[in-house]
Amino acid sequence: MTRRADGKEKRSRVLDSACEVFAEKGYHAATVADICQRAGANMAAVNYYFSDKSALYVEAWQQSYKQCSRPDPSEVVDSSPEEQLRIYVYSLIKNFSDHDANGQFARLYLMELVNPTGLIHNLWHELIEPRRKVLLGIISKIIGDEVTEETVLFCDMSIVNQCRTLLTVRRSDLEYLLAQPLSVGLIERLADHITTFSLAGIKAVGKGKD
């Protein structure tokens, strides 16, 4: 029993270290040696517990995503679609700007965008699709039924890419552009702005289809 517990603990250490190293360096620059040194394990541990580096990378993605908080606007049943959109936008911005578990997944995501591995293509679709359907549903409620599916998808891309700025721009550069530190209050105000801006765009697109 002790040996099994020790093995589980060592596997967990290696996986936690992999999440950190992959988020810091990306898949290609990270090495098994880096990961095992940080975990205090020998290099054979990766092969023993995960088969190889690529399988470890996929599992690191899964773990980071599970640890990332993801408020679900669809659960706010008493809120209007507009309020659900605000909650959704705030959750995205918070995830993209955090430095804890949320930030770790955001950095993994950015590393994959910059230098794709091809390892998590199917996993990414599996992870993101449920959340994406929530946003598409919110947009559909706001825009109405008289628009094409493509229009709803375009709105989805516009909203997500506004939020993604916090991921793709360095924090120091973002604070320079905004002329103030990236505080909790600023994130809330930015979420409100993106929501207001997006709502105006969504409603304008809807009117354009009349």
Residues of the range 11-22 that turn out to be surrounded by fewer than 22 Cβ atoms within 10 Å (Cβ to Cβ) and either under 15 Å from L119 (Cβ atoms) or of a type in the set (K, R) (or both), as a count: 2
Of the residues in the range 43-61, those that are in contact with a helix residue (DSSP H, G or I) (Cβ under 7 Å, 6 or more places away or on another chain) and either assigned by TED's automatic domain parsing to the domain that holds L127 or part of a helix (DSSP H, G or I) (or both) come to A45, V46, Y49, F50, K53, L56, Y57, V58, E59, A60, W61
Are there any pairs with C-beta distances below 6 angstrom linking a residue in the range 185-196 that is within 14 Å of S158 (Cβ to Cβ) to a residue that is of a type in the set (D, E, K, R), with the two at least 6 apart or on different chains, and if so which? T195/R86
Output the residue which, of all residues in the range 92-107 that are surrounded by 12 or more Cβ atoms within 10 Å (Cβ to Cβ) and over 14 Å from T168 (Cβ atoms), is modelled with the lowest pLDDT. A101
Taking the range 142-186 as the search range and keeping residues that are under 14 Å from G201 (Cβ atoms) and of a type in the set (S, T, Y), which one is farthest from the chain's Cα centre (by Cα)? T151
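Quick check, is L174 closer than 24 Å to A30 by Cβ and not polar (S, T, N, Q)?
no
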Within the range 128-150, the residues that are farther than 25 Å from L190 by Cβ and buried (at least 18 other Cβ atoms within 10 Å of the Cβ) are V147
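The values are calculated or read from the model by the stated rules, or taken from the named source; none is laboratory data. Remember, it's a predicted structure, so these values are computed and weren't measured experimentally. Neighbour counts are summed over all protein chains in view; Cβ atoms, including those assigned to glycine, are modelled from backbone coordinates with ideal geometry.
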